[in-house]
Amino acid sequence: MTKGDGRMRWALAATLMALAPVGAAAAETLSDSDRFFLDEAASACRSGDFPAFLWPFANSQAVRTLYGSRDASDFPIVMMDYSYVTRASERLFETTGGDPRQLVYVQVDFSTRDGGIQRVDWVPGRFEPGEGDGAGTLIEKTGPGGSLTFRPGGGCWQLAEDIRNPARPR
């Protein structure tokens, strides 16, 4: 184990304790899913793989809390079956018994800025199915999207900015 791995484990342990209710063990309050996503995020941090980091960040409130999301429950996108969708459509999907017509797929583009700053631009749209996993090729934007900025910090990335583009008047 390197010195950085040790610091990451102490930071993770401290955060898990902060997430736990007073008197309860952190391991008892986290779901298996959150434990899995926390491990995946830590692995992506160690390897410097930002796209691999975004997946657990988008899919786990515990990961968002650990890595600096101001409102951990209100993140705009989530990954489902190798594709990103809007969080609002994922919630509708869940409340309608898993109706896939409720899902709004998004195009996600990654870019790296000076100093290791990571930017994610996302926009909902219609897609032409392609080969392999994912939504396919974006053929039409269907609504406003946004951008997410992550800055390096604490041995990983921290969410620094979440900009949601407003809908244009028709």
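Observations on the structure shown:
Results for (1) of a type in the set (Gly, Ala, Ser); (2) out of contact with any strand residue (DSSP E or B) (no Cβ under 9 Å at 6 or more places or on another chain); (3) within 26 Å of residue 151 (Cβ to Cβ); (4) in contact (Cβ under 8 Å) with a residue 60 or more places away in the chain, shown as yes or no for each residue.
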position	(1), (2), (3), (4)
95	no, yes, no, no
108	no, no, yes, no
116	yes, no, yes, no
119	no, no, yes, no
124	no, no, yes, no
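Let's see how each residue does on (1) surrounded by 14 or more Cβ atoms within 10 Å (Cβ to Cβ); (2) at pLDDT 90 or above; (3) over 24 Å from residue 156 (Cβ atoms):
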| position | (1), (2), (3) |
| --- | --- |
| 27 | no, no, no |
| 47 | no, yes, no |
| 59 | yes, yes, no |
| 80 | yes, yes, no |
| 86 | yes, yes, yes |
| 94 | no, yes, yes |
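- Looking only at residues in the range 108-150 that are hydroxyl-bearing (Ser, Thr, Tyr) and surrounded by fewer than 13 Cβ atoms within 10 Å (Cβ to Cβ), the one that is modelled with the lowest pLDDT is 137.
- Residue in the range 112-123 that is in contact with a helix residue (DSSP H, G or I) (Cβ under 7 Å, 6 or more places away or on another chain) and either within 25 Å of residue 71 (Cβ to Cβ) or among the aliphatic types (A, V, I, L, M) (or both) present: yes
- For the range 53-86, a residue qualifies if it is among the polar types (S, T, N, Q) and either under 8 Å from the mean Cα position of the chain (by Cα) or closer than 19 Å to residue 103 by Cα (or both), and the qualifying residues are 59, 60, 73, 83, 86.
- Cβ-Cβ contacts under 9 Å between residues 6 or more apart (or on different chains), taken from a first residue in the range 138-165 that is free of Cβ contacts under 8 Å to residues at least 24 places away in the same chain and more than 13 Å from residue 116 (Cα to Cα) to a second residue that is part of a strand (DSSP E or B) and among the aromatic types (Phe, Trp, Tyr), are listed as 139/127; 140/127; 161/150.
- Of the helices (runs of 4 or more DSSP H) lying entirely inside the range 46-112, those containing at least 1 residues that are among the hydroxyl-bearing types (Ser, Thr, Tyr) and on the phi < 0 side of the Ramachandran plot are 61-66, 87-95.
The values are calculated or read from the model by the stated rules, or taken from the named source; none is laboratory data. Predicted, not measured: the structure shown is a model, and the values here were computed from it. Here Cβ is always computed from backbone atoms with ideal geometry, including for glycine, and neighbour counts include all displayed protein chains.
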